[in-house]
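Encoded as structure tokens, the structure appears first; notes follow it.
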Amino acid sequence: QVKSQGRNSLCFFDPQMQIAINQRVQLEHDLQMAITGNQFELHYQPQQRLDGRIVGVEGLIRWRHPERGLVTPGAFISVAEESELIVPIGHWVLRTACEQLAAWKGDPRCQQVQVSVNVSARQFRQHDFVARVVEVLRETGAPAHLLKLELTESLVLDDVDDTIAKMDQLKTKGVRFSVDDFGTGYSSLAYLTRLPLDQLKIDQSFVHNLGVKHTDDVIVQTIIGMARNLELDVIAEGVETAEQRDTLARYGCHYFQGYLLGRPMPLSEIEALLGNDLALLG
Ligand code: C2E
Ligand code: MG
Ligand code: MG
Ligand code: MG
């Protein structure tokens with residue numbers, strides 16, 4: 001009796017809920033401050049080809065919080081997505097990545113390196129998304145063919161016609177596209193063939209259990225087969241062990257990202273790593 005009353009009544013006076021609401025309001029407020037106060041940083045995680053060369057980096061946002069230190073996106077991206085704040089934050093990420101691509105143009109260590117950035121649904125669905133990307137490319141002078149936008153399956157599927165229209169416009173500028181966390185959504189060959197994609201990115205949850213959970217080996221092999229048939233690159237994320245990398249390579253995946261090669265790191269460190277790479281591989 002008491003229990004069902006608790007479940008079914010509106011709990012305006014539930015102190016737990018009030019605390020959660022307060023925290024959320026505070027977080028949104030702090031995020032707003034972070035945008036105006038320039039508290040975000042873009043870190044870079046290397047992406048390696050089978051031959052060992054670092055061919056790309058993924059830009060991953062971090063928040064240099066005045067009290068909490070370095071905060072990873074898991075703690076704030078979903079709140080930013082639910083509010084409109086992801087739009088200015090996503091735009092900052094895009095601009096920062098493009099400024100970096102432009103700065104690397106004359107640098108032999110970095111000038112071939114692709115930069116991937118994550119794009120949220122709310123950001124992508126803005127009516128002026130394409131115009132803003134084009135504007136950022138023009139203003140920064142970044143080579144468009146080195147910019148790769150990571151979209152999730154659910155984003156792509158949510159409104160396929162709008163997705164294709166926007167992708168097509170950006171493809172004409174040279175921008176590339178990857179489907180992030182691939183395999184976790186409702187992918188079907190039918191829609192995949194309609195999209196002007198360049199890459200599928202195998203979700204780390206499948207990589208994690210390679211050689212341990214047979215069904216995940218099957219899923220990974222299936223994704224690699226799909227990518228090959230569609231003539232797309234395929235990259236695996238969350239590669240932590242040499243064994244996982246070797247298994248992926250055996251299955252036909254030729255690009256890797258994960259702690260095995262390097263964690264997301266600040267600019268100076270990724271530049272040093274790219275410098276080593278050049279020295280080692282020539
Ligand atoms: P994601 O795009 O799938 O990025 C991969 C996440 O896996 C990153 O977490 C990365 O640090 C982590 N990771 C990479 N290699 C390994 C590994 O070997 N093992 C394990 N256990 N983890 C690995 P991070 O940086 O915390 O980002 C989490 C998610 O937040 C991202 O997932 C992405 O969805 C989102 N995110 C990050 N930056 C941005 C951004 O600028 N904009 C938007 N909209 N979302 C972002
Ligand atoms: Mg990503
Ligand atoms: Mg991912
Ligand atoms: Mg992921």
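The values are calculated or read from the model by the stated rules, or taken from the named source; none is laboratory data. What you are looking at is a predicted structure, and each value in this text was computed from that prediction instead of being measured. Ideal geometry is used to build each Cβ from the backbone, glycine not excepted, and the neighbour counts take in all protein chains shown. SASA here: full protein model, heavy atoms, side chains in, ligands and nucleic acids out. Shrake-Rupley method; radii C 1.70, N 1.55, O 1.52, S 1.80 Å.
Miscellaneous remarks
- Note on the chain: antiparallel DSSP beta bridges, both residues inside, total approximately 40 percent of the bridges counted.
- Inter-label distance, His29 to Ala272: 3.9 nm, where each label sits 7 Å from its Cα along the C-beta direction.
- Under-5 Å amide H pairs with Ala236, H placed in peptide plane, nonlocal only: Ile202, Tyr255, Phe256, Gln257
- Distance from the range 183-227 to the range 91-120 (C-alpha centre basis), Å: 27
- Against the main long axis of the alpha-carbon atoms of the chain, helix 160-171 sits at an angle near 40°.
- Projecting label points 7 angstrom from Cα along Cα→Cβ for Gln18 and Val79 puts them 1.9 nm apart.
- Separation of the Arg138 and Arg250 label points, Cα + 7 Å toward Cβ, nm: 5.2
- Derived value for the range 155-269: Kirkwood hydrodynamic radius 15.0 Å. Basis is the mean of 1/r over every pair of different alpha-carbon atoms.
- Over the range 25-161, relative contact order from alpha-carbon pairs under 8 Å, at least 6 apart, %: 22
- Length-normalised contact order for the chain - Cα pairs under 8 Å, 6+ apart - percent: 18
- Prolate/oblate/rounded call for the range 16-61, Cα gyration tensor, a/c under 1.5 rounded: oblate
- Helix-only CD estimate at 222 nm, as mean residue ellipticity for the chain, using -39500 (n - 2.57) per DSSP H run (n ≥ 4): -15000 deg cm²/dmol
- Leading residue at positive end of dipole, the chain (Cβ point charges), from Gln45, Gly275, Ala144: Gly275
- The range 138-282, dipole about Cα centre (Lys/Arg Cβ +1, Asp/Glu Cβ -1), debye to the nearest 20: 340
- Estimated FRET transfer efficiency when R0 is 41 angstrom, pair Leu157-Lys105 (beta carbons, to 0.05): 0.70
- Protection proxy ranking, peptides 84-97, 39-52, average beta carbon neighbours within 10 Å, highest first: 84-97, 39-52
- Lysine pairs in the chain with Cα atoms under 18 Å, if 8 or more residues apart or on separate chains: 6
- Extension gain for Tyr259-Gln112 works out to 50.7 nm (0.36 nm per residue, less the C-alpha to C-alpha distance).
- The chain, accessible surface, carbon-and-sulfur percent (1.4 angstrom probe): 52
- Largest to smallest principal axis extent of the C-alpha atoms in the chain, angstrom: 69, 46, 38
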